[in-house]
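Just so it is clear, none of the values below were taken in a lab; they were calculated from the coordinates. Treat the numbers as computed from the prediction; the structure is a model and nothing was measured. Cβ: placed from backbone, ideal geometry, glycine included. Neighbour counts: every protein chain shown.
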Amino acid sequence: MSAFDNVDNENERRVIGEFLDEVRDTASALQVLLGNLRSNSVPAAEGLDTLKRQASNLRSQAQALNLPVMKLVTHRLDEYVADLKAVAGSEIDEIQVFVDRIEKLAEGETVAEDDVPKVVRALPARRTADIDFGSIEKKNVEILLAIPEKAMARIVERELAACGYRTSTVRDAFEAIEMVVRTRPDMVIGAMELGVLSGVDLGCALAAMPPTQGVPYAVLTSYELGHAKLKGLPPRAALVRKGAKFGDDLAETLARFDIT
């Protein structure tokens, strides 16, 4: 190891240490905020705005550091609060789960690689807008969406949430690959256009790697099967077409992969 490596390692440890100090301070502030929300000593709208801002900041900071589990938990917290239109008793209790986990990680809790999927699934499922979760049977089925277009992602999220499935969304193929490797979702749906890589590229990458090749995959596209743009799509992958056929294609895909 060279002197430059020592400097780089020391700098990384310093940056991570500073980040964890900030996380502990933020988590402590969130604990106080949750208590104030429970006692109605802070306006709910003001409290929710603060929650969203803090969650977004935590997620942004964690993405740049080599702290995989912290990245996953702050990603899920940001997704959860971003979808909320109001915050009451049950939402506060679920946000508490995220904050408690973040505090433990900031204090040095370690999670074995094999236990990461279990830790992630123990976090509360996001509450997609316009869905009455009181009347839906929640299922321990996790579907990862790699869809950069927010409007399209919302449509897919609502359809899956209405069936009781858990969802998480990323915006590019590289983040999707890391997420699949670490969290082992029950299925992945990738948009055709994913920036540098395509939905076909993502399907090929997942099919080629032993840790992910068994994960069911579907590409979300406007193209029909046989189109030149879909050349190379793994034979096992499914096609979910946008537009009028979307609902039927999604239902058939879920049935095909026995996602129940």
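Tabulated values for the structure
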read-out	value
Net length gained if the chain between Ile136 and Glu109 were fully extended (0.36 nm per residue, minus Cα distance)	6.3 nm
Under 15 Å, Cβ to Cβ, from Asp25 - net charge with Lys/Arg +1 and Asp/Glu -1	-3
Exceeding the 18 Å Cα-Cα cut-off - candidates Lys71/Lys139; Lys85/Lys138; Lys118/Lys139	Lys71/Lys139; Lys85/Lys138
Descending semi-axes in whole angstrom, ellipsoid equivalent of the range 133-256, from the Cα gyration tensor	21, 17, 13
Local net charge near Leu34, Cβ-Cβ under 13 Å (Lys/Arg +1, Asp/Glu -1)	-4
Kirkwood Rh and Cα Rg combined as Rg/Rh, the range 3-115	1.04
Relative contact order %, the range 3-115, counting alpha carbon pairs below 8 Å whose residues are six or more apart	35
Burial order of peptide ranges 181-193, 214-226 (average beta-carbon count within 10 Å, highest first)	181-193, 214-226
Mean Kyte hydropathy of -0.5 or more with a Cα span along the axis of at least 24 Å, helices from DSSP in the chain	3-38, 89-106
Helix-only mean residue ellipticity at 222 nm for the chain, each DSSP H run of n ≥ 4 adding -39500 (n - 2.57), per residue, nearest 500	-18000 deg cm²/dmol
